[in-house]
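The structure appears below as structure tokens.
What follows draws every value from the coordinates through simple rules; no lab data is involved. It should be emphasised that the depicted structure is a prediction, and the values quoted were computed from it without experimental measurement. Because the Cβ atoms are built from the backbone with ideal geometry, glycine has one as well, and the counts that use them run over all protein chains shown.
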Amino acid sequence: VCDAATEVVGFDRAAVFLYSAREQKLNGVWGTDTNGKREDIRSRQMDKRELTQLGYHTLVLEGKDYTIIEDYPQECSPPPDSSMYGVKHHARIALKVDGSVLGLVNADNLITGRPITYEDIVPLFPFVHEAAIAVRNAQLLAERENDIQIQNRLATLATAINANHDLNDILTMFREALVEVVGFERANIWLYDERRKIWQGHGSTISEEE
């Protein structure tokens, strides 16, 4: 997509970002430097606050398909050390599949200073659409492989748990499975003591009233 935007459509520069809906963050992939050469921008990230400040929220949060900014300095105020410093016109196109935003393609004409119109970005739409489908397919494949790994890991842990007769070890392995394999940030396991009417966990005990 980056090459299509510069070499085929004719923009001076382009950049591709992938969007994480869970984190509400844009993560850079490939871009073009101030000299028009391709560069790795995986170190660039924009969180929800930056997305709103720079106007990306209209695409990733509000569902617009594209935006064209005619006065980038006025709207975004890039600092002198920014790679966007000197950009006048700026285009943004959403990578979308079935209404879900998977990423963005940015384009500008920093080097030549040419303005950008809707007619300029129309030829890029087919490339963006195909790229969005490819991204979604890759994500589905990665999710499937991750699910298989989780199932295999859980099966291994289940075997280990069944072979263990120490209650404390069993609870520890079960808790670790919830955090390390399933992916929860925290997990607590409580057992209810019917005779004493209390819930008891690892290092903590609460009464029934609590």
Averaged across orientations, what area in nm² does the convex hull of the alpha carbons in segment 86-210 project? 14.6
Among Asp169, Asp40, Asp12, which one shows the highest mean-square fluctuation when the chain is modelled as a Gaussian network with alpha-carbon springs under 10 Å? Asp169
Any aspartates and glutamates whose Cα falls less than 20 Å from that of Lys88, other than same-chain ones fewer than 8 residues away, would be Asp12, Asp33, Glu50, Glu70, Asp71, Glu75, Asp108, Glu119, Asp120
Share of alpha-carbon pairs per 10 Å distance bin for the chain, given as whole %: 7, 26, 23, 12, 13, 11, 6, 1, 0
Based on alpha-carbon centroids, what's the gap between segment 21-77 and segment 121-160 in Å, whole number please? 23
What Kirkwood hydrodynamic radius, in Å, does segment 71-119 give when the mean of 1/r is taken over all pairs of distinct Cα atoms and then inverted? 12.2
Segment Ile133-Tyr118, extension gain: residue separation times 0.36 nm, minus the distance between their alpha carbons: 3.1 nm
The ³J(HN,Hα) series, computed from each phi in segment 177-182 with the Karplus coefficients 6.51, -1.76 and 1.60 at θ = phi - 60°, rounded to the nearest Hz and given as x for glycine or proline, is 5, 5, 7, 7, 9, 6
Of Thr159, His129, Thr172, which is farthest on the positive side of the dipole of segment 115-210, counting Cα position, with +1 on Lys and Arg Cβ, -1 on Asp and Glu Cβ, and the Cα centre as origin? Thr159
Under 23 Å from the Cα of Lys25, which lysines turn up, not counting those fewer than eight places away in the same chain? Lys48, Lys64, Lys96
³J(HN,Hα) across segment 50-55 via Karplus (A = 6.51, B = -1.76, C = 1.60, θ = phi - 60°), whole Hz, x for Gly/Pro? 5, 4, 6, 4, 9, x
Cα convex hull of segment 45-127: mean projected area in nm², to one decimal? 5.8
So between Asp166 and Gln53, what do we pick up on full extension, going 0.36 nm a residue minus the alpha carbon distance? 35.2 nm
For segment 76-88, Karplus-derived ³J(HN,Hα) couplings (6.51, -1.76, 1.60; θ = phi - 60°; whole Hz; x for glycine and proline) come out as 10, 6, x, x, x, 8, 7, 5, 9, 5, x, 6, 9
Which value in deg cm²/dmol, rounded to the nearest 500, describes the helix-derived mean residue ellipticity at 222 nm for the chain, given -39,500 (n - 2.57) per DSSP H run of n ≥ 4 and division by the residue count? -9500 deg cm²/dmol
Which of the peptides 145-158, 119-132, 61-74 is most tightly packed, and how do the rest follow, judged by the mean count of other Cβ atoms within 10 Å per residue? 119-132, 61-74, 145-158
For the pair Arg44 and Asp71, the simple spin-label estimate (label points 7 Å beyond Cα toward Cβ) gives in nm 2.4
Contour minus end-to-end for Glu194 and Ile111, with contour as 0.36 nm per residue of separation and end-to-end as the Cα-Cα distance? 22.4 nm
Rounded to the nearest 0.05, what FRET efficiency do Arg186 and Ser20 have when you use their Cβ-Cβ distance and R0 = 25 Å? 0.75
The chain, Gaussian network, Cα under 10 Å: of Ala187, Ala94, Ala15, the residue fluctuating most is Ala187
According to the square roots a ≥ b ≥ c of the eigenvalues of the Cα gyration tensor, what is the shape class of segment 101-161, taking rounded for a/c under 1.5, prolate for a/b larger than b/c otherwise, and oblate for the remainder? prolate
